[in-house]
Amino acid sequence: DAGVIQSPRHEVTEMGQEVTLRCKPISGHDYLFWYRQTMMRGLELLIYFNNNVPIDDSGMPEDRFSAKMPNASFSTLKIQPSEPRDSAVYFCASRSGTGMNTEAFFGQGTRLTVV
Amino acid sequence: KQEVTQIPAALSVPEGENLVLNCSFTDSAIYNLQWFRQDPGKGLTSLLLIQSSQREQTSGRLNASLDKSSGRSTLYIAASQPGDSATYLCAVGELSGGYQKVTFGTGTKLQVIP
């Protein structure tokens, strides 16, 4: 397996534009997490899914943020409209919920810059 | 709500020194704890995973311990090398409403000076 795959790696967009971040989890993993990382706040959990169902979205900062997981192999995080304060690195992670010895695996992240 | 803290936020040591990174968490009802390494501009790489029933895990020069009752974990790095320079994060796994949830610490930025 190629690991968790995120795209794009870098995104620069103008304020007010819609941004869509994509994630492909590791095959067989039933949990998927979206995180945001900034210098000020570190890694923050935005939302996580179990078996494609959103479980906890309390970390989503505003209604401008939305996430979907239409199937087990794909998830999107959308920001509409984007603002400069959304600039951060967004990570997707997946893990298997079977048993206790389940490591979380992260993608390389998407560095978002909103100008 | 689980809160995970790592102290110090930054650490600089000379090459060859042994060092300990600390991680504390507020809710001891966890089921595992994972240590990650993050290099600048890169993603997170898993180093060690400790289950709640375990006290420690070892991998090469790394040793992670877990004390659930006190809400603490440590990552011990032996004979540090410049290549160990990175940010180290601990992440606490817990069950929330029957589902698994992971909360990250604030990270410790380590610099090993040649």
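The values are calculated or read from the model by the stated rules, or taken from the named source; none is laboratory data. Fair warning: this is a prediction, and the values are worked out from it, not measured in the lab. Every residue, glycine as well, gets a Cβ built from its backbone with ideal geometry; the counts of neighbours run over all protein chains shown. Quick note on the areas: whole protein, heavy atoms, side chains included, nothing else; ligands and nucleic acids left out. Shrake-Rupley method; radii C 1.70, N 1.55, O 1.52, S 1.80 Å.
Dipole check for chain B: with +1 at the C-beta of Lys and Arg, -1 at the C-beta of Asp and Glu, and the Cα centre as origin, the magnitude is about 180 Debye. Taking all protein chains together and a 1.4 Å probe, the residues A:Asp63, A:Asp57 rank A:Asp63, A:Asp57 from largest to smallest accessible area. Accessible surface for A:Val53 stands near 80 Å², nearest 10, in the context of the full protein assembly shown (1.4 Å probe).
Entry note, chain A: relative contact order of 37 percent, from Cα contacts under 8 Å with a spacing of 6+ residues.
Starting from segment A:24-115, pick out the trypsin sites (Lys or Arg not before Pro) whose DSSP state is loop and whose Cβ has at most 15 other Cβ atoms within 10 Å. Those satisfying the criteria are A:Arg41, A:Arg64.
For the protein assembly as shown, the Kirkwood hydrodynamic radius from C-alpha pairs, put into Stokes-Einstein at 4 °C and a viscosity of 1.567 mPa s, yields a diffusion coefficient of 72 µm² per second.
Compared with the alpha-carbon gap, the fully stretched path from A:Glu18 to A:Ser66 is longer by 16.2 nm at 0.36 nm per residue.
Note on B:Ile7: accessible area approximately 110 square angstrom, rounded to 10, probe 1.4 Å, nucleic acids and ligands left out.
Please arrange A:Ser94, A:Ser58, B:Ser85, B:Ser12 by accessible surface area, largest first, computed with a 1.4 Å probe and ligands excluded. Walk me through the numbers on the way to the answer.
Values: A:Ser94 0, A:Ser58 95, B:Ser85 35, B:Ser12 65 Å².
Descending order: A:Ser58, B:Ser12, B:Ser85, A:Ser94.
A simple spin-label model places the labels of A:Ser73 and A:Met39 4.0 nm from each other, with each point 7 Å out along Cα-to-Cβ.
Its relative contact order, with pairs defined as Cα atoms under 8 Å and 6+ residues apart, puts chain B at 37 percent. One decimal place: the segment B:Glu15-B:Gln111 gains 33.6 nm when fully extended, by the rule 0.36 nm per residue minus the C-alpha distance.
On full extension, the segment bounded by B:Ala79 and B:Arg61 gains 5.7 nm, given 0.36 nm per residue less the C-alpha separation.
Accessible surface of B:Ile77, taken over heavy atoms with a 1.4 Å probe and every protein chain present, rounds to 0 Å².
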